[in-house]
Amino acid sequence: MSCLFPTYARWEVPVERAKGTYIYDTSGKAYLDFTSGIAVCNLGHCPDEVKKAIQHQLEKVWHVSNLFQIPLQEQVAQLLVHHSVGDAVFFANSGAEANEAAIKLARKYTGNHKIITFYQSFHGRTYATLSATGQKKVQEGFGPLAPTFVHLPYNNVSAIESLQDDDIAAIMVEVVQGEGGVVPGEQAFLNAIADKCRELNALLIIDEVQTGIGRTGKKFAYEHVGIEPDIITLAKGLGSGFPVGAMIGKKHLIETFHAGSHGSTFGGNPLAMAAALATIKVIFDESFLQDVTQKGDYFIRQLADSLHDVPFVREIRGVGLMIGIECSGEVQPLITALREKGLLVLSAGPNVLRLLPPLTVSVEEIDMALDIISTTLIAS
Ligand code: PLP
């Protein structure tokens, strides 16, 4: 009997090792991994650059507390600031923690209380981020939730325009809802949010935990839509599989997070920083990102071509290498069938197949996945 809490519906894949786009099980069977540890292994499994950086750091120092200067934190922060609209970084260990920091900062800075988020959003599983999340199934049984989180319909401009309240600290939004079904935010909706934040003196928090670090073909997904967040949150892809989260904020917010106001024992750990530095040095490169865009466009085009006659498929959508195939029924049986044929994919809600290959995936690997997906869905 397992000694673990059964919080995860685990797959029958006894993982032995992984490299690049492949996971190998203990019998030697190879799986094309189009889950990337849920948008984490953006450089594929065990990327050499990151491995070397962690190994190098392992020989120097693993952990000192944040009472010390940690030069690697400064280096990662400088790169994140240089490549974003932000001016300062707080390091955490996960997406939920990065969002917690954002929520706390927004409340303290504005003196207001309400945080507006959206139905089907996902922001984490701590009490504040669980309360921010717009999915009942994630919240069930955990009430009472933290007060003053208000949920509005996603992609609904009039819900934003009619918002009138002088107690709003922030609007927090994913540019592409990930767990909620790979749903891109419409330009008019995101513009309305940015305008409303300015009108109400509320902060705009963009949750880039899933969309950030090159996943959509830009360093950050907000770049696609030309809006300027006050706060950006990151995790997943930032450390290539080493746990790390980050909150990037604009200049006017810096003084609010003064010494003693917020903290984390492990946040910005030197090993995590070595992994993050090596990761973003590769990904924050225009030609790398262009390649992601081209492969994503190719993948979506080919999927549309090969699946257009399949009645079970409703819509294919996505940005960069964050792709959803919305179906007319439950996708779990398909996920199992694909896995048996050697392709690992995810769901996003009950009816959407979610494809998150490593950003380093080759066109040949995309073609192999296309073949497995089309034969399986055509037979469904
Ligand atoms: N925000 C978004 C958009 C996410 O997709 C997730 C995780 O899936 C989180 C926050 C929570 O991140 P973590 O699981 O690292 O706490």
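The values are calculated or read from the model by the stated rules, or taken from the named source; none is laboratory data. For clarity, every value in this text was computed on a predicted model and none was experimentally measured. As a convention, Cβ positions derive from the backbone with ideal geometry for all residues, glycine included, and neighbour counts pool all protein chains shown. What goes into the accessible areas is simple: the full protein's heavy atoms, side chains included, and nothing from ligands, DNA or RNA. Shrake-Rupley method; radii C 1.70, N 1.55, O 1.52, S 1.80 Å.
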Kindly indicate which of Val150, Val182, Val225 is within 14 Å of the ligand (Cβ to nearest atom) and either touching a Gly at 6+ places or on another chain (Cβ under 8 Å) or within 23 Å of Lys108 (Cα to Cα) (or both).
-> Val182
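How many residues are open to solvent by less than 50 Å² (accessible area, probe 1.4 Å), free of Cβ contacts under 8 Å to residues at least 60 places away in the same chain and in a loop (DSSP other than H, G, I, E, B) when one looks only at the stretch 317-329?
Initial filter on the stretch 317-329 (open to solvent by less than 50 Å² (accessible area, probe 1.4 Å)): 317-327, 329.
Pick out the ones that are also free of Cβ contacts under 8 Å to residues at least 60 places away in the same chain and you get 325, 327, 329.
Now drop any that are not in a loop (DSSP other than H, G, I, E, B), which leaves 329.
Qualifying residue count for the region: 1.
Just to be sure I understand, how many residues within the stretch 116-147 are small (Gly, Ala, Ser), more than 10 Å from the ligand (Cβ to nearest atom) and assigned to a helix (DSSP H, G or I)? First the steps, then the outcome.
Residues of the stretch 116-147 that are small (Gly, Ala, Ser), as a first pass: 121, 124, 128, 131-132, 134, 141, 143, 146.
From the residues that got through so far, the ones that are more than 10 Å from the ligand (Cβ to nearest atom) too are 128, 131, 134, 141, 143, 146.
Adding the requirement that they be assigned to a helix (DSSP H, G or I) leaves 128, 131.
Summing the residues that are small (Gly, Ala, Ser), more than 10 Å from the ligand (Cβ to nearest atom) and assigned to a helix (DSSP H, G or I) in the stretch 116-147 gives 2.
Output yes when any residue across the stretch 359-372 is more than 16 Å from Phe34 (Cβ to Cβ) and open to solvent by 30 Å² or more (accessible area, probe 1.4 Å), and no when none is. Give the derivation first.
Restricting attention to the stretch 359-372, the residues satisfying the condition of being more than 16 Å from Phe34 (Cβ to Cβ) are none.
No - not one qualifying residue is present in the stretch 359-372.
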Cβ pairs under 8 Å, 6+ apart, first in the stretch 305-316 and more than 17 Å from Asn351 (Cα to Cα), second open to solvent by less than 90 Å² (accessible area, probe 1.4 Å) = Ser306/Leu370; Ser306/Ile373; Ser306/Ser374
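Among the residues of the stretch 279-301, write down those that are assigned to a loop (DSSP other than H, G, I, E, B) and of a type outside the set (Asp, Glu).
Of the stretch 279-301, the ones assigned to a loop (DSSP other than H, G, I, E, B) are 284-285.
Passing the criteria: only Phe284.
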Selection count where residues are closer than 20 Å to Ser84 by Cβ, open to solvent by 10 Å² or more (accessible area, probe 1.4 Å) and away from the ligand (no atom under 16 Å from the Cβ), scope the stretch 230-261 | 8
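Residue-by-condition table, conditions (1) open to solvent by less than 70 Å² (accessible area, probe 1.4 Å); (2) within 17 Å of Asp207 (Cβ to Cβ):
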position: Ala106; (1), (2): yes, yes
position: Gly111; (1), (2): yes, no
position: Gln120; (1), (2): no, yes
position: Gly124; (1), (2): yes, yes
position: Leu130; (1), (2): yes, yes
position: Gly143; (1), (2): yes, no
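Out of Ala77, Ala39, Ala98, I need the residue that is crowded, with 19+ Cβ neighbours inside 10 Å and outside the structural domain of Val209 (by TED's automatic domain parsing). Which one? Reasoning before the result, please.
On the way: Ala77 fails: outside the structural domain of Val209 (by TED's automatic domain parsing); Ala98 fails: outside the structural domain of Val209 (by TED's automatic domain parsing).
Matching residue, one of Ala77, Ala39, Ala98: Ala39.
Check Ala304, Ala259, Ala276 and return the single one that is of a type in the set (A, V, I, L, M, F, W, C), in a helix (DSSP H, G or I) and farther than 21 Å from Val176 by Cα. Quick ask: steps written out before the conclusion?
Values: Ala304 fails: farther than 21 Å from Val176 by Cα; Ala259 fails: in a helix (DSSP H, G or I).
Of Ala304, Ala259, Ala276, the one residue that is of a type in the set (A, V, I, L, M, F, W, C), in a helix (DSSP H, G or I) and farther than 21 Å from Val176 by Cα is Ala276.
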Scanning the stretch 186-215 residue by residue, the ones that are within 10 Å of the chain's Cα centre (by Cα) and at negative phi total 7
Mind checking which residues of the stretch 72-115 are under 24 Å from Asp167 (Cβ atoms), more than 14 Å from the ligand (Cβ to nearest atom) and free of Cβ contacts under 8 Å to residues at least 60 places away in the same chain?
-> Gly111, His113, Lys114
Of the residues in the stretch 156-179, those that are more than 16 Å from the ligand (Cβ to nearest atom) and assigned to a loop (DSSP other than H, G, I, E, B) come to Asn156, Ser162, Leu163, Gln164, Asp165, Asp166, Asp167
A careful count of residues in the stretch 35-53 that are in a loop (DSSP other than H, G, I, E, B) and within 16 Å of the ligand (Cβ to nearest atom) gives 4
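One line per residue, one yes/no per condition, for (1) among the aromatic types (Phe, Trp, Tyr); (2) surrounded by fewer than 20 Cβ atoms within 10 Å (Cβ to Cβ); (3) without any contact (Cβ under 8 Å) to a residue 40 or more places away in the chain; (4) within 13 Å of the ligand (Cβ to nearest atom):
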residue: Gly212; (1), (2), (3), (4): no, no, yes, yes
residue: Gly263; (1), (2), (3), (4): no, yes, no, no
residue: Ala276; (1), (2), (3), (4): no, no, no, no
residue: Ile283; (1), (2), (3), (4): no, no, no, no
